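K.L.:
Take a look at the following structure, please.
Read-outs: derived from the displayed coordinates by stated rules, not from any lab. The shown structure was predicted, so the numbers you read here are calculated from the model rather than taken from an experiment. Glycine also receives a Cβ, built like all others from the backbone with ideal geometry; neighbour counts cover every protein chain displayed.
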Amino acid sequence: MALPHPTPDDLRDTDAFEALMWAMARPGTVRSLPEGAADLALALLDRETRVHAEDPELARRIAATGAALVTPDRADHAFCTTAAGAMAALAVLPVGSALYPDEGATLVMPAIIGAGPLLGLTGPGIEGQCRLRLGGLPEGLLDLRSARCRYPEGIDLVLVDGRRIVGLPRSVAVEVL
């Protein structure tokens, strides 16, 4: 019996998922997506996923996956496109618990990779310290993230700049240098 050939959508989803996994496994390293943030949504979501999408067009595409569109306080993943939306979502997204840290959400939002303040990242997946410039983040975002991340509880952050992403898992400490 011959195995089915993957479709272009299957290949795109696989590439996006692999980029995300490497970005989270090696925090602070820049990875490339096939097309952009929508690729992440399509690669991650299914009928068992609860999602908040700030952008109406992305919400329409997400609805086609069968994922439930919900408010940020009930979301497994939140896709935000504005500073205000990202801050509002970050304030209420689930952080999981000591027994169920996997119930902590993931926030996907825009940033400018390679510009802005110099950040120092430390934690699992980083040898010593990783330095990275990230611009376009809302004022207070890193402080709010730090206040809501008490490992193993917390929110994973995925920053998107066009077709590039950087992962900041909840286990990573971020300081402005």
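K.L.:
Residue by residue, what Karplus-based ³J(HN,Hα) values in Hz, rounded to whole numbers, does segment 120-137 have, using 6.51, -1.76 and 1.60 with θ = phi - 60° and x for Gly and Pro?
P.N.:
x, 10, 9, x, x, x, 10, 7, x, 9, 9, 10, 8, 9, 10, x, x, 7
K.L.:
Express in nm, to one decimal, how much length is gained between Glu139 and Thr82 on full extension, taking 0.36 nm for each residue of separation and deducting their alpha carbon distance.
P.N.:
19.3 nm
K.L.:
Related question: Put a dot 7 Å past each Cα toward the Cβ at Glu35 and Arg74; how far apart are the dots in nm?
P.N.:
So the two model labels end up 2.8 nm from each other.
K.L.:
Sticking with this one: Classify segment 104-177 as rounded, prolate or oblate from the Cα gyration tensor: take a ≥ b ≥ c as the square roots of its eigenvalues, call it rounded if a/c is under 1.5, otherwise prolate when a/b beats b/c and oblate if not.
P.N.:
It is rounded, given that a/c, with a ≥ b ≥ c, falls under 1.5.
K.L.:
Just grab the label-to-label distance for Ser97 and Arg61, each label 7 Å out from Cα along the Cβ direction, in nm (one decimal).
P.N.:
Once both label points are built, they end up 3.5 nm from each other.
K.L.:
Trypsin sites (Lys or Arg not before Pro) within segment 1-47: which are DSSP loop residues with at most 10 other Cβ atoms inside 10 Å?
P.N.:
Arg47
K.L.:
Evaluate the charge dipole of segment 71-177 about its Cα centre and quote only its size in Debye, nearest 20, assuming +1 on the Cβ of each Lys and Arg and -1 on the Cβ of each Asp and Glu.
P.N.:
Value, rounded to 20: 240 debye.
K.L.:
Here is a follow-up. Would you please classify the overall shape of segment 1-105 from the alpha carbon gyration tensor, given that a ≥ b ≥ c denote the square roots of the eigenvalues, rounded means a/c under 1.5, and beyond that prolate means a/b larger than b/c while oblate covers the rest?
P.N.:
prolate
K.L.:
Express in nm, to one decimal, how much length is gained between Glu127 and Trp22 on full extension, taking 0.36 nm for each residue of separation and deducting their alpha carbon distance.
P.N.:
Separation in residues times 0.36 nm, less the Cα-Cα distance, equals 36.3 nm.
K.L.:
Shape verdict for the chain, please, from the Cα gyration tensor: rounded (a/c under 1.5), prolate (a/b greater than b/c) or oblate.
P.N.:
Because a/c hits 1.5 or more and a/b exceeds b/c, the chain counts as prolate.
K.L.:
Something else: Whole-Hz ³J(HN,Hα) for each residue in segment 151-156, computed from phi via Karplus 6.51 cos²θ - 1.76 cosθ + 1.60 with θ = phi - 60°, x for glycine and proline: what do you get?
P.N.:
3, x, 6, x, 10, 7
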